[in-house]
Each structure stands twice: as structure tokens, then as C-alpha cells.
Amino acid sequence: MRLLSTLTLVAALSFAAGSLAAQEAATRNVPDSLVSKAKINEDSARAVALKRVPGTVQGVALEHERGRLMWDFTVQRNGRKGSTEVEVNAMTGKVIAVQTATRAKARSATHRSS
């Protein structure tokens, strides 16, 4: 009985870890060509973003935008609805901008249509 309980627990944890890995892979956009140009690695940039906006990272991207290479983290804030976008300069490690996701999407749509 104890062995069966242990095996069930291991199977459940494996399933949960697999689904978390699949979610993270779907929300990660980090091209290798840009990673080699960044002076600040993803882990360091993530720490800076989470220090500024405590929560759980839902997505990460590395992009060249407005003449800058930046890490873009989507963070689900602790105890709040919605998400927040935190942009971290990939060369200096400084926070460039912090915006709620709805404002960030509106800015992105306006930027693309220009």
C-alpha cells in the first residue's frame, strides 16, 4: 500500500512538472542570435525584474526594440489580477519600463501600425 502511494505521488509530480515545462516553453521567445549579444543573462535580468515587480514570471522574451536590446518579462503580481510587463536593458541590467499588460498591448499595437 505504501509503495502504491509513493508511485502515485511520483506520477502526479512528474505530470505536474511536465505541464509546467510545456507552459514555460510556450511563453518563452529567446532567439540564440540575440542571447549572444546580451551582456546580462536571463537569470540576472529575471532577478532584476522580480525585485522591481514581485510575482511569478509568466513569459520571457529577448528582443531588439526602439534601438535597444531588452529582456521583456510578463509577471503575474502577487495578490493582483492581470499581469505586468517589465523591460530590462540587456546591456546594463537596468529596468527600462514597467507597464500593466493592457497598456503594453495597446502600445505594441500602436507601435506596429506606425
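Computed quantities for the displayed model
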quantity	calculated
Most to least accessible of M70, M91 (protein chains only, probe 1.4 Å)	M91, M70
Solvent exposure, largest accessible area first (probe 1.4 Å, DNA, RNA and ligands not counted), of S36, S83	S36, S83
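The values are calculated or read from the model by the stated rules, or taken from the named source; none is laboratory data. These figures come from a predicted structure and were not determined experimentally. Calculation scope for accessible area: heavy atoms of the full protein, side chains included, ligands and nucleic acids excluded. Shrake-Rupley method; radii C 1.70, N 1.55, O 1.52, S 1.80 Å.
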